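The values are calculated or read from the model by the stated rules, or taken from the named source; none is laboratory data. Predicted model only: the values in this text are computed from it and were never measured. As a convention, Cβ positions derive from the backbone with ideal geometry for all residues, glycine included, and neighbour counts pool all protein chains shown.
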Amino acid sequence: MNRRYDAVVAGSGAGGAATAWRLCAQGLKVLLLEAGPRFEPSLDYRLHLPDWERQVLPRRRASQAEVSFGAFSALNPEERSLRSWNAVAGPVVRGDSREPMGPGYWHVLGVGGSTLAFVGESHRLHPEAMKLQSRFGAGCDWPITYADLEPYYGLCEQLIGVAGPEEQGARWRSTPFPLPPHPFSPAGRRLQSAGSRLGMNWQANSRAALSMPYDGRPACNYCGNCSRGCPVGDKGSADVTFIRKAEQTGRLTLMTNSRLLRLHPAGGGRIASVEYVRGKARHRVETPVLVLAAGAIQTPRLLLANRSRQHPHGLANSSRQVGRNFMESVFWSSTGIVPDLGNSHVGLPSDTICWDFNGPQGIPDVIGGCRFHSAVQEIGLVGPIAYASRIVKGFGRALKEGVRNQFGHCLSVGAFAEFLPNDESRVDLDPTRKDEFGMALPRIHSHLGQPEIRRLRFMAAQARRLLQEAGASILVEEYGAWDLFSATHVFGTCRMGASAVHSVVDAQGRSHDHPNLYIADASVFPSSGGGEAPSLTIQALALRTADNIVSGKVGS
């Protein structure tokens, strides 16, 4: 076992890819371990086929991680106006407790991680969302400020090629977006017009999709199917941005289909080496620096599973906070039929956004904000199959005629909101279920508090009001977090903080317990933000962590 690398990074999603690039760019030799495969966009993403609408992001062997679920919130019948339903199936959840949405926890294992399937929203956090406790008496403060992250936000936007508007309210910036905003879709234009009559300010969303050719990549073709994998390469997923740049340095060794199993601590708390399996062979490699970037579920799982006599509660867990403070997606969408709206399926997903209610005091009578966005493409209403299975009732000729008459007339309003940590939402290890390597599965426990319910009520009411103003004749579908658990955005299970008693890592992403262990994913978030997509903040934090790693090595 020779020391061949300056740093080992586990996970090649938003955080791991950004960390690897920044370290390589500053002269370090990096081993990047990825549990999943490498996708080939031109071969794996099949949007050119006649059955494109049945194609989702391919689920290749080892491209999905198995999880289990523990306790979920009971449903209060008095809140049934928040139930999820559609015109064809009726209520989605028929039991008396929340259920996982679709596959429950669907994040991608593969080079690029879940950025392969993300829509591509590229958001900075609202500055006040980072000081919830000290300013508003709720949640938890970040140990850093917006100003600490701002230059890294700009660096990420330049490398990715983010297209956005000149300004985004409280999110001040020292450099402009590198690309102009995308044009509004028919759905986006209708929401902007209706919203203005309600006093709402809608603007172009900041998107990790190219509005013009940039850095050797082509402009977006507006197919509207970002979440199915981008065969063109204009979407700023981590594989075509940070990974590509890291490989160009010649200092990156990328090992795919390599599952990290064991972390071996040594004297002084340092992680001396890690053990991973690739194929049928096990390998062990020294870790002068180890960066975990496996996400808010798999990172705490790795730490909790590596228990020993010296570390009975797992690694990096003297605070007992690993797996705690789990924050999920508080989401809502309402869809209506707008008879005089055509081609609503055309255009870029989430092209328009409203930040009016995003600040911590943006919603009356509750701390924690939300945002609204155009959601037609994001929720999959881009083809006739979606209409036939979710929107239009009937069979045979009546179904065909209904689809022809309604197709392109759906208008959808989506929303995401703040989630405040609570003691009942957490990730631990399943006591009975294990994976093929004998490691306990991560188990997700989810509970919605009353603040989340109040935010959902507000989002539902505002979305319905907006659709009515836009000319919707009827509602045909609604989905929300009241009865469905979604892991679209998850955070918080290895919280960063100044105190080793109440957090897992410090302000640099460095473990309080292990001097050469860092974490660079959404698990370090102390708060979720008021509905912002997290990928850009993950990447900005990762670059900042990488710079601290490099400065530490220079000073040692």
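Things to note:
- Among the candidates Ala481, Ala533, Ala520, Ala500, residue that is farther than 24 Å from Asp6 by Cα, among the small types (Gly, Ala, Ser) and within 14 Å of the chain's Cα centre (by Cα): Ala533
- A count restricted to the range 241-271 and to residues that are in a helix (DSSP H, G or I), in contact (Cβ under 8 Å) with a residue 24 or more places away in the chain and under 23 Å from the mean Cα position of the chain (by Cα) stands at 5.
- Asn405 meets each of the listed conditions (1) in contact (Cβ under 8 Å) with a residue 24 or more places away in the chain; (2) under 27 Å from Pro384 (Cα atoms) apart from (1).
- For the range 322-341, the condition holds for at least one residue, the condition being that it is surrounded by fewer than 19 Cβ atoms within 10 Å (Cβ to Cβ) and not assigned by TED's automatic domain parsing to the domain that holds Ala520.
- Among the residues examined, Leu399 qualifies as touching a helix residue (DSSP H, G or I) at 6+ places or on another chain (Cβ under 8 Å), without any contact (Cβ under 8 Å) to a residue 60 or more places away in the chain and under 26 Å from Val56 (Cβ atoms).
- Cross-chain or 6+ apart pairs with Cβ under 6 Å, the range 355-380 first and part of a strand (DSSP E or B), then buried (at least 22 other Cβ atoms within 10 Å of the Cβ) and of a type in the set (Ser, Thr, Tyr): His373/Ser350; Ser374/Thr352
For (1) among the small types (Gly, Ala, Ser); (2) not assigned by TED's automatic domain parsing to the domain that holds Ala293, each residue gets a yes or a no:
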residue: Ala7; (1), (2): yes, no
residue: Ala25; (1), (2): yes, no
residue: Pro41; (1), (2): no, no
residue: Gly90; (1), (2): yes, yes
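- Note on the range 13-66: residues that are within 18 Å of the chain's Cα centre (by Cα) and polar (S, T, N, Q) amount to 3.
- Restricting attention to the range 432-465, the residues that are out of contact with any Lys or Arg (no Cβ under 6 Å at 6 or more places or on another chain), of a type outside the set (A, V, I, L, M, F, W, C) and surrounded by fewer than 20 Cβ atoms within 10 Å (Cβ to Cβ) total 13.
- Failed item in (1) without any contact (Cβ under 8 Å) to a residue 40 or more places away in the chain; (2) closer than 15 Å to Tyr518 by Cα, with Val8 passing the rest: (1)
- For the range 49-107, filtering for residues that are assigned to a loop (DSSP other than H, G, I, E, B) and of a type in the set (D, E, K, R) leaves 9.
- The range 3-27, subset touching a strand residue (DSSP E or B) at 6+ places or on another chain (Cβ under 9 Å) and of a type in the set (S, T, N, Q), residue surrounded by the most Cβ atoms within 10 Å (Cβ to Cβ): Thr19
- The range 520-556: number of residues that are modelled with pLDDT of 95 or more and assigned to a helix (DSSP H, G or I): 19
- Counting the residues of the range 29-44 that are outside any strand (DSSP E or B) and either in contact (Cβ under 8 Å) with a residue 24 or more places away in the chain or under 15 Å from Thr115 (Cβ atoms) (or both) gives 10.
- Annotation note: of Ser333, Ser350, the sole residue that is at pLDDT 95 or above, in a loop (DSSP other than H, G, I, E, B), of a type in the set (S, T, N, Q) and out of contact with any Leu (no Cβ under 6 Å at 6 or more places or on another chain) is Ser350.
- Residue selected from the range 204-259 under the condition touching a strand residue (DSSP E or B) at 6+ places or on another chain (Cβ under 7 Å) and on the phi > 0 side of the Ramachandran plot, by the criterion surrounded by the most Cβ atoms within 10 Å (Cβ to Cβ): Asn257
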